[in-house]
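> If you scroll down you'll find the structure; I have some questions about it.
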Amino acid sequence: MVDHSYADLSLAALYDSLNPWGPGDDFYLDLVMSAGSVLDVGCGTGRLLRGARAAGHGGRLMGLEPAAAMLVQARRAEPAVEWVLGDLRTRRWDGHGFDLAVMTGHAFQELLGDEEVRATLAAVRTALGPTGRFVFETRNPTARAWESWTPDRVRRLADGDGRQVRVWHEVDGPPAGDRVTFTETYEGEAWTQPQVCRSTLRFLGLDALSGFLAEAGLEVVDQYGDWTRGPVTSDSPEIITVAGPR
C-alpha cells in the first residue's frame, strides 16, 4: 500500500522541499553518471534521474514508482526519462541488463515482510546485467534514529502557492521487533484539518541484509556507514550497501 504522503498530490508536491538535495544525492548521482543504463526503484519525484539527465547523462534512465502522485511531479519536471508506474512485480525484467539499480530515500525500509524483501531482491537480480550493481541504503538500527522523531522538531516550509506548512513526526509506541511505526503530520492553510500519515519502516541489520541478498543471488561488494564512505559502526547513521550478482 502506498503511503498517503506519496499518494496525495498536495503532499507529494512538498516532497522535494522537505527533502532537499544533500550528500546522499551526490553519492548516488556519481554512481548514475558512471553507468550506461540505470533503474531507480521507488524513484519518487524522480529527482535523482532528473539530475542525471540535466548533468548530461545520455543513456537509458528508468524510474519505477508505485505512487502516481509522485510520478506526476517527475513527468512534469523531466519528460526525457522513462517513468513507469508500478513496482518490481509489475513486469518481467529478464533481458533488461541494467548496469545499475538504485533504491534511494530509505525506500528499502518500506519493504516490511520477508517475502516482500525476497521478491524485490529477486527482481533486482533479474534486472541487472552480469556485472551490474544494486545500491541502496537503510538506516542503521543500532543508531536508533527514530528516537529523534519527536513532535517538538517541527519543519516549516512554503507550498507552491506560498502558503506556510508545518510538518512533524511522532513515533507510535516502542519498536515492534525490527519495525517502527510513526506518524507524519502536515498542518497548513491548504487543508481544513491536519493531514496525518501513518507509516511503518523496517530496520534490518548487517547480518539480515547479507542473508536476504545471498538468497537472491547477490553478494555484498561494499558497505558504508555514511555518505563519505566511512565504515559501518554501531553509531553510523546508515548502512549503504553495494551488491552485485554472485
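The values are calculated or read from the model by the stated rules, or taken from the named source; none is laboratory data. What you see is a predicted model; the values in this text were computed from it and never measured. All Cβ positions, glycine included, derive from the backbone under ideal geometry; neighbour counts span all protein chains shown. To get the accessible areas, we keep the full protein, side chains included, count just its heavy atoms, and leave off ligands, DNA and RNA. Shrake-Rupley method; radii C 1.70, N 1.55, O 1.52, S 1.80 Å.
> Can you tell me how many residues in the stretch 40-58 are more than 14 Å from V102 (Cα to Cα) and either open to solvent by less than 10 Å² (accessible area, probe 1.4 Å) or not in a helix (DSSP H, G or I) (or both)?
Residues that pass the stated criteria total 5.
> Does the stretch 176-195 hold any residues that are open to solvent by 50 Å² or more (accessible area, probe 1.4 Å) and either in contact with a Phe, Trp or Tyr (Cβ under 8 Å, 6 or more places away or on another chain) or more than 23 Å from T138 (Cα to Cα) (or both), and which are they?
R179, E187, E189, T192, Q193, P194
> Another one. Of everything in the stretch 119-146, what is part of a helix (DSSP H, G or I) and within 21 Å of I240 (Cβ to Cβ)? Give them in sequence order.
Within the stretch 119-146, T120, L121, A123, V124, R125, A127, P141, T142, A143, A145, W146 qualify.
> Hey, which of the strands (runs of 3 or more DSSP E) in the stretch 159-246, taking only ones fully inside, have at least 3 residues that are closer than 27 Å to A123 by Cα?
Counting at least 3 such residues, we get 179-188, 195-202, 218-224, 238-245.
> Say we look at the stretch 9-39 and pick out the residues that are touching a Lys or Arg at 6+ places or on another chain (Cβ under 8 Å) and among the acidic types (D, E); which of these is least open to solvent (accessible area, probe 1.4 Å)?
The qualifying residue least open to solvent (accessible area, probe 1.4 Å) is D25.
> Within the stretch 59-74, take every residue that is open to solvent by less than 20 Å² (accessible area, probe 1.4 Å) and more than 20 Å from L111 (Cβ to Cβ) and give me the one that is modelled with the highest pLDDT.
The residue in question is L61.
> I'd like the full set of residues that are without any contact (Cβ under 8 Å) to a residue 60 or more places away in the chain and surrounded by fewer than 17 Cβ atoms within 10 Å (Cβ to Cβ), limited to the stretch 130-157.
Scanning the stretch 130-157 gives R144, E147, S148, W149, T150, P151, D152, R153, V154, R156.
> Scan the stretch 86-117 for residues that are outside any loop (DSSP other than H, G, I, E, B), at pLDDT below 95 and open to solvent by 50 Å² or more (accessible area, probe 1.4 Å) and jot them down. Talk me through it step by step, then tell me what you get.
First pass over the stretch 86-117, keeping only residues outside any loop (DSSP other than H, G, I, E, B): 88-90, 98-103, 107-110, 114-117.
If we keep only those that are at pLDDT below 95 too, we end up with 88-90.
Those that are outside any loop (DSSP other than H, G, I, E, B), at pLDDT below 95 and open to solvent by 50 Å² or more (accessible area, probe 1.4 Å): R89, T90.
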